[in-house]
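Peer 1: Okay, handing you the structure first.
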Amino acid sequence: MIPKALVEQAMKMQEVILRAMAKRITWWQAAEIIGISDRQMRRWRRYEQFGYDGLWDRRCGRPFPRKVPLEVAERVLALYREKYFDFNVRHFHEKLREEHGLALSYTWVKLALQRAGLAREMSSGISM
């Protein structure tokens, strides 16, 4: 069963795209109304080729293929809390790779620790 909100959103998109196809509004105006970028609207022009079905997200209901599993994220946070609490993010990231075999990106590790309140966010160092 498709959620009612998704159906309503698709219907709004269809109406705006039909207006753009009829040249009553420009494609960039349609993008602005829907709240997406011009680039995304160019992708959505596949509606002209595939019709109403072209509006649906083909991944709908499936997880992002590169998403880190919850168990791994919990393990990373637990390791930091229990064993590596006095390491900086860079050193902790190296330990994850070398000693625990976790090949996660540095950025992912840093953001996970910051969002959990375990690492502070660094400012850019530029003051105005």
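Peer 1: Roughly how many nanometres apart are two label points built 7 Å out from the Cα toward the Cβ at residue 50 and residue 87?
Peer 2: It works out to 4.3 nm between the two label points.
Peer 1: So how far apart, in nm, are the two label points at residue 97 and residue 121 if each is 7 Å from Cα heading toward Cβ?
Peer 2: A separation of 2.6 nm, rounded to one decimal place.
Peer 1: Label points 7 Å out from Cα along the Cβ direction at residue 21 and residue 38: separation in nm?
Peer 2: Reported label-point gap for residue 21 and residue 38 is 2.3 nm.
Peer 1: Here's a follow-up. In whole percent, and with a 1.4 Å probe on the protein chains, what portion of the accessible area of the range 69-108 is carbon and sulfur?
Peer 2: Summing carbon and sulfur atoms, their accessible area is 52 percent of the total for the range 69-108.
The values are calculated or read from the model by the stated rules, or taken from the named source; none is laboratory data. Please read all numbers here as calculations on a predicted model, not as lab measurements. Because the Cβ atoms are built from the backbone with ideal geometry, glycine has one as well, and the counts that use them run over all protein chains shown. For accessibility, only protein heavy atoms count, side chains too; no ligands or nucleic acids. Shrake-Rupley method; radii C 1.70, N 1.55, O 1.52, S 1.80 Å.
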